[in-house]
Amino acid sequence: MARNPSFRSGIPSSEITPEPVYLDRRAFMRGATALAASGVLLGACGSDDALPPAPAVADLDPSASARPPTATPAPGPKVALAGPDAPPKALASSDELGDGLTGFDDVTGYNNFYEFSTDKEEVAGLAAGYPTEPWAVKVGGLVDRPRTFAVEDLVKQFDQEERVYRLRCVEGWSMVIPWVGFPLRKLLEAVAPTGQARYVRFETIHDPARMPGQGGGPYAWPYVEGLRLDEAMNDLALVATGLYGKSLLPQNGAPLRLVVPWKYGFKSIKSIVKIDLVAEQPTSLWMDAAPNEYGFYANVNPDVPHPRWSQSSERRIGELRRRRTLPFNGYADQVAHLYAGMDLETYF
Ligand code: MTE
């Protein structure tokens, strides 16, 4: 997709952050010293500058690729969400593969949320104070019991549990995040999908007055995503309401967002106001913008390159060396059966 200059401030973070702070953060928090030195910028989904460097074999962490991708995550322990002033706290300290959590500051300070900005380090500042109360999500379409849920009711109605998931962005970076939320399946069961429902369509709030990115550009706002109904009913698909034991911050998609850990991060749509059960496969914002680059399925697949870069490895935020990307982001045991007999190059 063509790069759209109107979406960018044109000022690299190196120019708006004092240099020593910038260099220090890059080196120690993102492990991106080499990138900074070579002048390569990690871009956002679909921009022409989204060209993660091809990894040298020596750059890969051998211990990461040797780990068996077969462990099953334990069901999450029940948690109560703490208020915004509570210190960030996770019950777990690693995922089921033994990988440590990405730091709270990175999870909340390095974000893709095009409604605010295409600059990941600018999103949190621009989203700060975005009003997320009151908030309701309208769930309807091909269901027997359509309903609008206030977020505070959802949090009471469905047990909140901690789920530590890997998030793999299509751009080639990843994090390990202790989400708080509840299985999407529970919400769908509450509205009773009819026999005609085959897909689930999700929509982000449309608020161009307060979301500068929605003011123009090439995208068909609001942000839309979709899942096949059986994918949506899989236990891993989570409606997140918090992370690190606290309610979600606006930059992470407050007050509720989807998390689909076996798919590229762009499927995990933020700040949802509408969910519809539908008969036809929905067209997502990214499919509409660049259909040859972003498919409906978007399952993490190291064997199918993005048209502009390899997907065989990734940079875990906070680490220096790249690690191999795992099929289905390491969740094959739980989800590979959903795609039995499908050609995963065709259905990318
Ligand atoms: N949802 C909306 N509404 N708008 C976005 O720009 N970006 C997606 C996804 N959900 C996005 C979105 C992408 S590309 C990624 S990688 C994840 O959000 C990033 O989530 P995080 O910022 O909480 O890490």
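The values are calculated or read from the model by the stated rules, or taken from the named source; none is laboratory data. Keep in mind that this is a model prediction, so the values were computed, not measured. Cβ placement follows ideal geometry from the backbone for every residue including glycine, while neighbour counts extend to all protein chains displayed. Side chains are part of the model used for accessible areas, which takes the heavy atoms of the whole protein and leaves out ligands, DNA and RNA. Shrake-Rupley method; radii C 1.70, N 1.55, O 1.52, S 1.80 Å.
List, please: which pairs have Cβ atoms under 9 Å, are six or more places apart or on different chains, and start with a residue in region 275-293 that is farther than 14 Å from F348 by Cβ and end with one that is crowded, with 17+ Cβ neighbours inside 10 Å and among the acidic types (D, E)?
Sorted first by the residue in region 275-293, then by its partner, the pairs are I275/E203; D276/E203; P282/E225; P282/D276; L285/E225.
Restricting attention to region 282-308, which residues are open to solvent by 20 Å² or more (accessible area, probe 1.4 Å), part of a loop (DSSP other than H, G, I, E, B), over 16 Å from P261 (Cβ atoms) and not charged (D, E, K, R)?
Selection gives T283, P291, N292, V304, P305, P307.
Restricting attention to region 123-178, which residues are within 14 Å of the ligand (Cβ to nearest atom), open to solvent by 20 Å² or more (accessible area, probe 1.4 Å) and within 17 Å of V191 (Cβ to Cβ)?
Once the filter is applied, which keeps residues that are within 14 Å of the ligand (Cβ to nearest atom), open to solvent by 20 Å² or more (accessible area, probe 1.4 Å) and within 17 Å of V191 (Cβ to Cβ), region 123-178 yields nothing.
Pairs only if they're at least six apart or on different chains, beta carbon under 6 angstrom, first in region 207-220 and part of a loop (DSSP other than H, G, I, E, B) and away from the ligand (no atom under 11 Å from the Cβ), second open to solvent by 60 Å² or more (accessible area, probe 1.4 Å) and among the charged types (D, E, K, R); list them, first residue then second.
Once the first residue is part of a loop (DSSP other than H, G, I, E, B) and away from the ligand (no atom under 11 Å from the Cβ) and sits in region 207-220, its partners that are open to solvent by 60 Å² or more (accessible area, probe 1.4 Å) and among the charged types (D, E, K, R) give A220/D288.
Note down all Cβ pairs under 7 Å where the first residue falls in region 323-348 and is acidic (D, E) and part of a loop (DSSP other than H, G, I, E, B), the second is open to solvent by less than 40 Å² (accessible area, probe 1.4 Å) and modelled with pLDDT of 95 or more, and they're at least six residues apart or on different chains.
Between residues of region 323-348 that are acidic (D, E) and part of a loop (DSSP other than H, G, I, E, B) and residues that are open to solvent by less than 40 Å² (accessible area, probe 1.4 Å) and modelled with pLDDT of 95 or more, the close pairs are E345/V304.
Looking only at region 193-236, which residues are open to solvent by 20 Å² or more (accessible area, probe 1.4 Å), under 20 Å from the mean Cα position of the chain (by Cα) and of a type in the set (G, A, S)?
Answer for region 193-236, where residues must be open to solvent by 20 Å² or more (accessible area, probe 1.4 Å), under 20 Å from the mean Cα position of the chain (by Cα) and of a type in the set (G, A, S): just A220.
Within region 309-342, which residues are farther than 18 Å from D95 by Cβ and exposed (fewer than 15 other Cβ atoms within 10 Å of the Cβ)?
Within region 309-342, A336, H337, A340, G341, M342 meet the criteria.
So, restricting to helices (runs of 4 or more DSSP H) that lie completely within region 89-184, which ones have at least 1 residues that are in contact (Cβ under 8 Å) with a residue 24 or more places away in the chain and of a type in the set (F, W, Y)?
Here the list reads 104-107.
Have a look at P75, P68, P53 and point out the one that is under 17 Å from I317 (Cα atoms) and modelled with pLDDT under 85.
The unique qualifying residue is P53.
If you go through region 237-281 one residue at a time, how many are away from the ligand (no atom under 14 Å from the Cβ) and open to solvent by 10 Å² or more (accessible area, probe 1.4 Å)?
The qualifying residues number 6.
Among (1) hydrophobic (A, V, I, L, M, F, W, C); (2) near the ligand (Cβ under 10 Å from one of its atoms); (3) open to solvent by 10 Å² or more (accessible area, probe 1.4 Å), where does A190 come up short?
(2)
For region 221-244, how many residues meet the condition of being among the charged types (D, E, K, R) and part of a loop (DSSP other than H, G, I, E, B)?
Qualifying residue count, region 221-244: 1.
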